[in-house]
Amino acid sequence: MKIPDWLSDGTTCPCCAVSVGGKRNFVEKTLVEIASMMERSIFSEKYSSSKGFLQSIDPRVKLITILLLIVTTSFVTKIEIILGIYVFTLFFAYLSKVDLFFFIKRVWLFIPIFSGIVVFPAMFNVVTPGEPLVTLVHFNSTVQLWIFQFTEISITKEGALGALLFISRVAASVSLIVLLTLTTRWADIMKSLRTLGVPQIFVMVLSMTYQYIFLLVRVVQEMHLAKKSRTIKTDRTGEGIKKEQNWVASRIGTVLMKSYKMSDEIHSAMISRGFHDEIKSHETFRIRNIDRIWTGFSLAFITGVILLNYPV
Amino acid sequence: MHIPDGYLGPITWITLWLVMIPIWIIAARKLKKELRTRNVPLLAMGAAFSFVIMMFNVPVLGGSTGHAVGGTLIAIILGPWAALIAVSVALIIQALFFGDGGITAIGANCFNMGFVLPFIGYYIYRLITVNADITSSRRWKGAGIASYIAINVAAVLVGIEFGIQTILYPAVNGKFQYFMYPLSVSVPTMAIEHLLLFGFVEAIVTLLVVRYLQQTDPSLLRLSDRKIVQDKIPAGLSV
């Protein structure tokens with residue numbers, strides 16, 4: 001089902017966006033996070049139902065080939081090749097009618113930016129010694145800091161290249177998995193996991209969890225919204241924090257009680273509908289020529305990548 | 001604490017997958033025997049709860065917020081084996097659908113947060129609460145201490161997994177292939193971060209929730225004991 005644009009438009013009217021004190025407190029932070037999570041999954045459904053290239057591939061084939069590509073990326077140690085894999089994902093995102101700007105934003109917004117912070121110090125000679133590219137500070141004597149010794153602070157060639165290698169590997173891997181989940185319905189991914197030999201019970205728990213996550217998230221959202229709409233002044237003194245922590249804990253406790261009770265009810269519902277510890281899923285997938293071509297292509301791509309990286 | 005793809009080299013992530021597969025199989029067998037048809041909905045709700053717990057921002061000092069992992073809390077309620085599956089399922093969904101944590105690193109993430117964290121948390125909690133009444137203050141104090149220790153052990157493990165990359169994959173032409181900081185940097189960084197901040201968030205959440213449950217629904221705290229009793233009921237009587 002395609003969500004109409006007016007419905008997925010995230011802008012709220014200014015009347016209900018009043019924030020006290022200017023700074024976002026934990027209630028608002030939580031609400032924003034939940035909203036962005038919901039938005040992400042709504043967008044996912046939007047792309048998986050459009051008619052692009054990857055959407056037409058059998059989900060089982062797609063799952064296996066993309067997982068193989070992710071594993072391959074982990075083995076690649078040359079920057080050029082990893083950048084090549086990244087371009088590969090962009091190309092197939094384009095062929096699959098995924099908005100490239102959205103795709104890039106979706107990939108880079110999460111992990112790679114965080115990884116950038118992690119990798120930043122490694123660009124300097126303090127961590128990665130080598131040929132200096134830019135020297136920022138030069139000291140007259142050797143400086144000893146914790147376990148590091150240095151006489152200058154500069155960005156080294158080795159450090160910069162290492163950082164680029166690291167970031168591009170993270171970005172390529174995230175791009176691959178995002179490409180899979182954007183172009184495949186989650187129910188199809190679940191069914192395909194069975195073909196990988198994942199036991200039935202795991203797949204059943206996985207797919208049931210996915211469904212109930214959205215229900216529980218909605219419950220959490222309503223709790224926070226209820227609190228926000230009843231809050232006039234935020235209290236930031238020590239006692240206030242304690243009170244707020246107690247509030248969060250009591251809500252987590254409530255969600256826990258609710259979900260436990262719900263698991264009982266779901267169980268009764270399943271039993272009364274004849275559940276016998278086993279679920280028969282109807283396999284409707286069929287391998288077509290386009291799947292054979294895609295499999296051949298991606299296996300050739302993987303072999304090429306491995307041969308380029310580890311020449312015989 | 002979610003390790004993304006690309007941080008760990010193949011030796012580490014393949015090893016941790018190989019460690020986790022038998023553990024998952026044992027857990028699945030154990031739960032199937034204990035819970036019978038109940039296991040699917042119970043584990044699914046446990047996993048959904050484990051996912052949702054990470055969405056609760058907890059205010060800490062100075063206007064900053066953090067969130068808990070909740071591994072110890074789930075282990076206290078459902079027992080460590082059910083917590084293992086619940087947290088693992090939550091982590092797999094995060095990796096697959098939300099890009100949080102890597103695919104190759106699923107083994108590593110489930111080992112740290114799904115296996116080590118709940119098991120250590122659970123057994124420390126049981127040790128502290130031996131013979132403690134269900135409403136005793138030893139329960140929530142124990143829960144706080146256990147979750148604080150458990151998350152720190154898990155964090156140090158992550159630090160070790162990061163740090164050994166420089167040993168397993170030494171620099172080629174001066175540049176490292178995977179995680180680039182040595183053990184002497186990665187372990188203290190992870191440890192200090194969790195000893196000073198995230199450990200307290202986890203402890204505060206766990207102890208306050210246990211205290212809340214003591215006041216409102218103490219029966220939930222008896223679940224992990226009751227399951228053993230349930231197991232003794234003949235198969236025909238319990239569906």
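Overview of values
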| read-out | value |
| --- | --- |
| Chain A: Cα Rg divided by the 2.2 N^0.38 Å rule of thumb | 1.28 |
| Amide hydrogen neighbours beyond the local backbone of B:V60, cut-off 5 Å, H modeled | B:T65, B:G66 |
| Nearest 10 degrees, 0 to 90: helix B:223-232 Cα axis against chain B principal axis | 60 degrees |
| Amide H contacts under 5 Å for A:L133, placed H, 5+ residues apart | A:I155, A:T156, A:K157 |
| Cα Rg, Dmax, the range A:142-282, angstrom units | 24.9, 76 |
| Footprinting exposure proxy for A:F139, A:F150, A:F214 (fewest neighbouring C-beta atoms within 10 Å first) | A:F139, A:F214, A:F150 |
| Table column - 3J(HN,Hα) (Hz), the range A:83-100, Karplus curve with 6.51, -1.76, 1.60, x for Gly and Pro | 4, x, 5, 4, 4, 3, 5, 4, 4, 6, 5, 5, 5, 8, 6, 8, 4, 4 |
| 12 Å beta-carbon shell around B:T104, net charge (K/R +1, D/E -1) | 0 |
| Cβ-derived FRET efficiency at R0 30 Å, A:I117 paired with A:E45, nearest 0.05 | 0.45 |
| Relative pair counts by distance (%), Cα atoms of chain B, 10 Å bins | 8, 30, 34, 19, 7, 2, 0 |
| Ascending count of other beta-carbon atoms within 10 Å, so fewest first, for B:W17, A:W186 | B:W17, A:W186 |
| DSSP loop trypsin sites (Lys or Arg not before Pro) with at most 16 other Cβ within 10 Å excluded, longest remaining stretch of chain A | A:98-184 |
| Three-way shape call for the range B:1-120 based on the alpha-carbon gyration tensor, with the a/c threshold at 1.5 | oblate |
| Viscosity 1.002 mPa s, temperature 20 °C, Stokes-Einstein D of the protein assembly as shown from Kirkwood C-alpha radius, µm²/s | 85 µm²/s |
| J(HN,Hα) series, the range A:288-301, from Karplus relation 6.51 cos²θ - 1.76 cosθ + 1.60, nearest Hz, glycine and proline x | 10, 4, 4, 5, 5, 5, 4, 4, x, 4, 5, 5, 5, 4 |
| Derived scalar couplings ³J(HN,Hα) [the range B:15-24; Karplus, 6.51 cos²θ - 1.76 cosθ + 1.60; whole Hz; x for Gly, Pro] | 4, 5, 4, 5, 6, 6, 4, x, 5, 5 |
| Whole-number percent relative contact order across chain B, with pairs defined as alpha carbons under 8 Å at least 6 apart | 25 percent |
| Ranked list, fewest to most other Cβ atoms within 10 Å of each Cβ, for A:S192, B:S184, B:S50 | B:S184, A:S192, B:S50 |
| Mean-position separation - Cα centroids, the range B:78-139 and the range B:1-72, in angstrom | 6 Å |
| Built amide H within the under 5 Å cut-off of A:F148, gap 5+ | none |
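No value in this document is a laboratory result; all are computed from the given coordinates. Note that the coordinates shown come from a computational prediction; the quantities given were computed from them, not determined experimentally. Cβ: placed from backbone, ideal geometry, glycine included. Neighbour counts: every protein chain shown.
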